[in-house]
Amino acid sequence: MLQKPQELRETERVSLVDEDKTMSANLKYLSLGILVFQTTSLVLTMRYSRTLKEEGPRYLSSTAVVVAELLKIMACVLLVYKDSKCSLRALNRILHDEILNKPMETLKLAIPSGIYTLQNNLLYVALSNLDAATYQVTYQLKILTTALFSVSMLSKKLGVYQWLSLVILMTGVAFVQWPSDSQELDSKELSAGSQFVGLMAVLTACFSSGFAGVYFEKILKETKQSVWIRNIQLGFFGSIFGLMGVYIYDGELVSKDGFFQGYNRLTWIVVVLQALGGLVIAAVIKYADNILKGFATSLSIILSTLISYFWLQDFVPTSVFFLGAILVIAATFLYGYDPKPAGNPTKA
């Protein structure tokens, strides 16, 4: 028996809805998978690149930060170009209207951009002085700083589960940083500095990440500009601040051996992964939720710990570290947990 036209249209509509749900789910898990890969590989390759002993000068982390910002700008411009239906005229109009014609809106991004640039430089310092596993777990303190700045700057209210998760988080990080004999031996072998320097770098990066992230969120909520336009503005100021850092701290080295001194294939991998970070986070925010993001973060911590122990061999886990890592992972899940109220039973 043939279906009526109305029934055919209804069948097609249901089919399209199912396809949209499937595509949305695929994008969700794809973005999370890329986030796990990007986070884990960036930490490990950055750590490896800063401790690898090679002939000649080591690459300058300050120049790597600048190159990563430039790559991020290029990627965002391409994404805006794609959103404007691959029209150069439309792209030029969007960039002119949204950036050049709104100087005050653009200048607002100078503050978080400068902080992000400082944070990116601090991460190189941290991974020159800490093993990948300890860095990964300790860096989760940015959840705490982000929450505190959200409460103070955005008047955000945290639930009981979130406050409990922050207490668990601080306890877990304290356990991870608990000194042990193996850590004392390892700290003597670190040529780039001490564990204290690495810890201070991570803590400062956590505070800068929390403040800059909340400030950026506040700006996004106040305006209707796309996240790609905002990232172009961030990258522009980040490049300027980064170049200032290169000139102030590494100007003599750059004039002597060049801007790209010590760059090799591994260095370029680190730079590309760092540039990819902001874009992946934007995709995760768009397609995933906090619980799945917490799952991705936890999986990244576990992978970093295993690879740091078996491949880099710069980390010997202790029972205290494992306890702290488990607490941090649990706190990450708990912070993203959103208990749904039980619905009213419907009458038959």
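The values are calculated or read from the model by the stated rules, or taken from the named source; none is laboratory data. Only a predicted model underlies this, so the values are computations on that prediction, with no experimental measurement involved. Side chains are part of the model used for accessible areas, which takes the heavy atoms of the whole protein and leaves out ligands, DNA and RNA. Shrake-Rupley method; radii C 1.70, N 1.55, O 1.52, S 1.80 Å.
Cα centroids of region 69-119 and region 223-271: how far apart, whole angstrom?
Taking the Cα centre of each part, region 69-119 and region 223-271 sit 16 Å apart.
Pairwise over distinct Cα atoms, reciprocal of the mean inverse distance: report the Kirkwood radius of region 20-167 in Å, one decimal place.
19.2 Å
Take the Cα atoms of region 191-282, build their convex hull, and give its volume per residue in Å³. Don't skip to the answer; put the middle values down first.
Values: hull volume 12.8 nm³, N = 92.
About 139 Å³ per residue, rounded to a whole number.
Calculate the translational D of region 216-261 in whole µm² s⁻¹ from Stokes-Einstein, where the hydrodynamic radius comes from the Kirkwood formula applied to all Cα pairs, the temperature is 25 °C and the viscosity 0.890 mPa s.
195 µm²/s
Specify whether the C-alpha gyration tensor of region 129-279 places it in the rounded, prolate or oblate class, a ≥ b ≥ c being the square roots of the eigenvalues: rounded for a/c under 1.5, otherwise prolate if a/b is larger than b/c and oblate if not.
Note, shape of region 129-279 comes out oblate.
How much accessible area does PHE37 have with a 1.4 Å probe, in Å² rounded to the nearest 10?
Number for this one is 130 Å².
For a 31 Å ceiling on Cα separation, which of these pairs sit above it: LYS82/LYS102; LYS142/LYS256; LYS28/LYS224; LYS218/LYS256; LYS85/LYS218; LYS85/LYS156? All intermediate terms of the calculation are to be shown ahead of the outcome.
Numbers: LYS82/LYS102 22 Å; LYS142/LYS256 37 Å; LYS28/LYS224 23 Å; LYS218/LYS256 43 Å; LYS85/LYS218 29 Å; LYS85/LYS156 37 Å.
Violating the 31 Å Cα-Cα cut-off are LYS142/LYS256; LYS218/LYS256; LYS85/LYS156.
From the backbone phi of region 251-268, what are the Karplus-calculated ³J(HN,Hα) couplings (6.51 cos²θ - 1.76 cosθ + 1.60, θ = phi - 60°) in whole Hz, Gly and Pro given as x?
After applying 6.51 cos²θ - 1.76 cosθ + 1.60, I find x, 5, 5, 5, 5, 7, 10, x, 5, 9, 4, x, 6, 9, 4, 5, 4, 5 Hz.
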